[in-house]
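Reviewing the structure listed below.
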Amino acid sequence: MLQLNESLIFTIINLVVLYLLLKKFLIRPITDIMEKREKLIAEGLESANSTRNEAMELKQEYETALTGAREESARIVEKAQVQAKVEYDRILNEAGEKASDMLGAAKASIETEREQTMKELQSEIAGLAMAAAAKIVGEKAGTQGNQDIYSQFLGEVGDAHENKDRE
């Protein structure tokens with residue numbers, strides 16, 4: 001059986017004192033260090049999670065901003081293309097109008113010159129006809145005869161000219 005003697009009591013007391021000393025000087029500081037480390041690790045994980053969440057939010061904001069910038073650039077390019085087309089059409093219309101105006105002015109100028117030339121030619125032909133008639137008839141015919149020949153010639157030339165214009 002178990003005997004209770006002095007050495008057993010001293011051993012139990014030594015063990016209790018050793019336990020108390022170990023608890024005070026070894027176990028408590030180690031537990032404190034472990035608790036501090038555990039808190040530090042927990043704070044690090046929490047900080048990493050919050051930083052990751054912030055990074056995800058920033059990434060989302062940047063993607064939204066980038067999408068908005070792409071849409072805005074597409075709108076700007078489209079607007080510039082529309083404005084360029086409008087300007088192109090305006091310039092083309094102006095050039096067409098100027099060309100039409102110049103063509104009309106050229107036609108009017110040509111018509112005016114043609115009429116003036118025709119009048120000059122009629123006048124010159126009448127003079128030549130008078131000279132030719134005067135040579136043919138000579139001095140025998142009177143002034144009334146010259147006038148009749150001149151009128152007849154102008155009538156024939158005028159009729160021939162009108163027929164030529166109609167063709």
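In a helix (DSSP H, G or I) and within 16 Å of the chain's Cα centre (by Cα), is that true of SER47?
No, not satisfied.
Condition check ((1) open to solvent by 80 Å² or more (accessible area, probe 1.4 Å); (2) in a helix (DSSP H, G or I); (3) at pLDDT below 80) across all residues:
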position: TYR88; (1), (2), (3): yes, yes, no
position: LYS98; (1), (2), (3): yes, yes, no
position: ALA106; (1), (2), (3): no, yes, no
position: ALA141; (1), (2), (3): no, no, yes
position: ALA160; (1), (2), (3): no, yes, yes
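The values are calculated or read from the model by the stated rules, or taken from the named source; none is laboratory data. Because the structure is a prediction, the values reported are computed rather than measured. Just so you know, the surface numbers come from the protein's heavy atoms only, side chains and all, with ligands and any DNA or RNA stripped out. Shrake-Rupley method; radii C 1.70, N 1.55, O 1.52, S 1.80 Å.
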